[in-house]
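Enquirer: The structure follows.
The values are calculated or read from the model by the stated rules, or taken from the named source; none is laboratory data. All figures in this text were calculated on a predicted structure; none of them were measured in a lab. Cβ: placed from backbone, ideal geometry, glycine included. Neighbour counts: every protein chain shown. All accessible areas refer to the heavy atoms of the entire protein, side chains included, with ligands and DNA or RNA removed. Shrake-Rupley method; radii C 1.70, N 1.55, O 1.52, S 1.80 Å.
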Amino acid sequence: MPPQTFHGHIRDRLGEAIVAGVHSEGSSLPPEPALCQALGVSRTVVREAVKSLAAKGLVSIGPKVGTRVRPAEQWNWFDPDVVAWQSRVGLTREFLQDVQELRRVVEPAAVRLAAERATPADIAELEAAYAGMRAAVHGQSGDYVTSDLRFHQTLLRAAHNRMMVQMSKALGALLRSSFEVSTAQPGRAAGSLPQHRAILDAVIARQPARAERASLALIDSAREDIEAALKSRGRRPPVPVVAPAASALPVRAAGRAPEPNTKRAPRATGAARGAVPRPVTR
């Protein structure tokens with residue numbers, strides 16, 4: 001395995017364990033020698049992985065106190081890796097609600113601007129994304145969620161605001177995780193096509209207020225679909241947390257048995273209690 005890929009693998013194992021609650025808020029990661037022994041890697045690999053986790057806000061590193069897990073509220077939720085780890089261990093109600101609230105604050109305003117500022121190239125891109133969504137719904141080709149994400153990110157870019165353009169990149173992983181849940185309900189993808197078309201038509205017609213209303217309607221509809229998915233979770237098989245190797249991540253110190261994690265996991269983490277399995281997209 002190439003060094004960079006190997007480092008990424010160790011980073012993912014540690015990051016996913018933190019998000020899953022194996023290492024709870026305020027707890028210390030095992031000391032470096034114990035991690036090296038448990039994971040079978042060098043100190044250089046462990047140090048690089050921990051530095052990456054610190055850059056993503058999951059841990060803090062300090063002299064004498066070691067490496068401690070930070071509160072979930074301080075994690076970088078715009079980082080695709082953090083979102084991917086949360087998706088793999090289970091999307092919680094709180095996580096999905098946070099995403100929907102963020103969308104309701106950002107997207108309608110961006111759509112209003114897009115209706116004022118969208119260029120012919122922007123509109124062509126929106127039309128292409130919509131066509132991809134329609135083709136996926138009718139079983140012709142492509143993946144619905146990928147085209148849906150393309151549509152919404154294009155709307156943010158069409159606002160021609162530098163901050164929103166950057167936000168379109170940062171929001172990508174969050175939006176995808178939300179779309180995969182909201183469109184998992186039977187018929188939901190097909191049902192959302194007219195709502196997307198309404199936004200697109202309003203942008204083309206240069207009607208900002210109408211575009212904003214259409215955006216709010218779509219987001220509120222998606223929130224209802226997510227609530228339906230949450231209510232039906234009891235009938236769906238749970239997604240297990242990807243467990244670390246038998247001697248790996250829960251180790252607290254070399255030569256000691258793993259200590260039970262009795263502290264409640266942070267607000268938006270873990271697959272237990274209310275986590276929604278990540279649906280398989282077609």
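Enquirer: Once the other residues with Cβ under 12 Å from the Cβ of LEU200 are scored (Lys, Arg +1; Asp, Glu -1), what is the net sum? Spell out each step's value before the answer.
Expert: Details: positive: ARG134, ARG197, ARG210; negative: ASP122, GLU125, GLU127, ASP201.
Neighbourhood net charge equals -1.
Enquirer: Run the simple label-point estimate for ALA209 and GLU32 please: 7 Å along Cα→C-beta, distance reported in nm.
Expert: Result: 6.3 nm between the two label points.
Enquirer: Now for a separate question. Just read off the accessible area of ILE219 with the full protein assembly in place, 1.4 Å probe, to the nearest 10 Å².
Expert: Near enough 0 Å² of accessible area.
Enquirer: Another question about this same structure. Note the full-extension length gain between VAL105 and HIS138 as 0.36 nm times their separation in residues minus their Cα-Cα distance, in nm to one decimal.
Expert: Extra length available between VAL105 and HIS138 comes to 8.7 nm.
Enquirer: Next question, about the same structure. Could you work out the mean projected area of the convex hull around the alpha carbons of segment 56-117, in square nanometres to one decimal?
Expert: Directional mean of the projected Cα hull area for segment 56-117 stands at 6.0 nm².
Enquirer: While we're on this one: What are the ³J(HN,Hα) couplings of segment 162-176, residue after residue, when phi is run through the Karplus curve with 6.51, -1.76, 1.60 and θ = phi - 60°? Round to Hz, x for glycine and proline.
Expert: 4, 5, 6, 4, 5, 5, 4, 6, 5, 7, x, 5, 5, 5, 4
Enquirer: If DNA, RNA and ligands are ignored and the probe is 1.4 Å, what is the ranking of ARG197, ARG88 by accessible area, most exposed first?
Expert: ARG88, ARG197
Enquirer: Report Rg (one decimal) and Dmax (nearest whole number) for segment 1-103, counting Cα atoms only, units Å.
Expert: Cα radius of gyration and Dmax of segment 1-103 are 14.0, 43 Å respectively.
Enquirer: Continuing with this model, one more query. Points 7 angstrom from Cα along the Cβ direction at LEU193 and ALA128: gap in nanometres?
Expert: 2.1
Enquirer: Hey, another quick one. Taking the Cα atoms of segment 27-178 alone, what are Rg (to one decimal) and Dmax (as a whole number) in Å?
Expert: 20.0, 60
Enquirer: Another question, if that's okay. Distances longer than 23 Å among the Cα atoms of segment 114-210: what percent of all pairs is that?
Expert: Roughly 23 percent, rounded to a whole number.
Enquirer: Using only C-alpha atoms and all pairs of different ones, pull out the Kirkwood radius for segment 31-90 in Å with one decimal.
Expert: The Cα-based Kirkwood calculation yields 12.5 Å.
Enquirer: Excluding ILE61 itself, what net charge comes from residues whose Cβ is under 10 Å from its Cβ, given Lys and Arg +1 and Asp and Glu -1?
Expert: It works out to a net charge of +3.
Enquirer: Next question. Once phi is turned into θ = phi - 60°, what whole-Hz ³J(HN,Hα) does the Karplus curve with 6.51, -1.76 and 1.60 give for every residue of segment 218-229, x standing for Gly and Pro?
Expert: So the J values, rounded to whole Hz, are 5, 5, 5, 5, 5, 4, 5, 5, 5, 4, 5, 5.
Enquirer: By the scheme Lys and Arg +1, Asp and Glu -1, what is the net charge of all other residues having a beta-carbon under 13 Å from that of ARG43?
Expert: 0
Enquirer: Ratio of segment 143-194's C-alpha Rg to 2.2 N^0.38 Å, to two decimals?
Expert: That ratio works out to 1.20.
Enquirer: Going by accessible area, probe 1.4 Å, with all protein chains left in place, what is the ranking of LYS64, LYS56, LYS51, largest first?
Expert: Details: LYS64 215, LYS56 20, LYS51 120 Å².
Greatest to least solvent exposure: LYS64, LYS51, LYS56.
Enquirer: Taking 51 Å as R0, compute the FRET efficiency from the Cβ-Cβ separation of ALA228 and ARG43 and round it to 0.05.
Expert: 0.55
Enquirer: Can I ask one more? Give me a comma-separated list of calculated 3J(HN,Hα) values for segment 61-73, in order, Karplus coefficients 6.51, -1.76, 1.60 applied at θ = phi - 60°, integers in Hz, x for any Gly or Pro.
Expert: In residue order, the calculated couplings are 10, x, x, 6, 8, x, 10, 10, 6, 8, x, 4, 5 Hz.
Enquirer: Let's see if you can work this out: charge +1 on each Lys and Arg Cβ, -1 on each Asp and Glu Cβ, no other charges. What is the dipole magnitude of segment 1-104 about its Cα centre, in debye to the nearest 20?
Expert: Charge dipole, segment 1-104, about its Cα centre: 200 debye, nearest 20.
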